[in-house]
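Just so it is clear, none of the values below were taken in a lab; they were calculated from the coordinates. None of these values were measured; they are calculated from a predicted model. Cβ placement follows ideal geometry from the backbone for every residue including glycine, while neighbour counts extend to all protein chains displayed.
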Amino acid sequence: MILGSSHLDVTLVRGNPKEAALTSVQYDVVKALLGAGRKGLTGDLLINRSGHSDAVNILHRVRELDDDWRTVILFPGTGGRRYRIAWV
């Protein structure tokens with residue numbers, strides 16, 4: 001995944017450009033998760049690092065955008081105990 005420098009930039013997920021830009025809040029949450037690296041974040045850390053108390057639900061909504069997002073955003077119980085980005 002390649003995240004732009006702001007929510008207005010095109011994001012590449014699995015090599016595919018995403019037509020719809022992330023909202024600024026969605027961008028904050030994804031950026032926090034991407035910054036955590038392979039270890040990912042607990043729900044509390046995701047909230048803290050993104051600055052959004054609804055970060056987990058925001059992440060759920062980003063996953064619902066399309067199959068690419070569903071593939072790269074992993075939740076606890078789907079490959080780990082933390083929220084994280086799938087690394088190829």
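Based only on Cα atoms, what Rg/Rh ratio does the chain have, Rh being taken as Kirkwood's radius?
Numbers: Rg = 11.6 Å, Rh = 12.7 Å.
For the chain, the value is 0.92.
Which net charge results when you count Lys and Arg as +1 and Asp and Glu as -1 among the other residues whose beta-carbon is under 12 Å from that of ALA86? Intermediate values should be presented prior to the final figure.
Numbers: positive: ARG14, ARG38, ARG63, ARG70, ARG84; negative: ASP68.
Residues close to ALA86 contribute a combined charge of +4.
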| said: Give me the net charge for the shell around LYS39: Cβ to Cβ below 15 angstrom, other residues only, Lys and Arg +1, Asp and Glu -1. | reply: +4
| FRET efficiency, 1/(1 + (r/R0)^6) with R0 22 Å, evaluated for ASN57 and LEU12 via beta carbons | 0.35
| message | Take GLU19 and THR71, extend 7 Å from each Cα along the Cα→Cβ direction, and tell me the distance between the two endpoints in nm. | response | 1.8
| remark: Taking alpha-carbon centroids only, the range 53-86 lies from the range 1-33 a number of Å equal to 14
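Taking the Cβ of TRP69 as the centre, find all other residues whose Cβ is under 11 Å away and add up their charges (Lys, Arg: +1; Asp, Glu: -1). Walk me through the numbers before you get to the answer.
Working: positive: ARG14, LYS18, ARG61, ARG63, ARG70; negative: GLU64, ASP66, ASP67, ASP68.
So the surrounding residues net to +1.
For the chain, what is the relative contact order in percent, using Cα pairs closer than 8 Å and at least 6 residues apart in sequence? Working shown, then result.
On the way: 124 pairs, mean separation 22.4, N = 88.
Relative contact order comes out at 25 percent.
Quick check on packing: order 2-12, 50-60 by the mean number of other C-beta atoms within 10 Å, highest mean leading.
Details: 2-12: 13.6, 50-60: 16.9.
Per-residue Cβ counts within 10 Å, averaged per peptide and sorted highest first, yield 50-60, 2-12.
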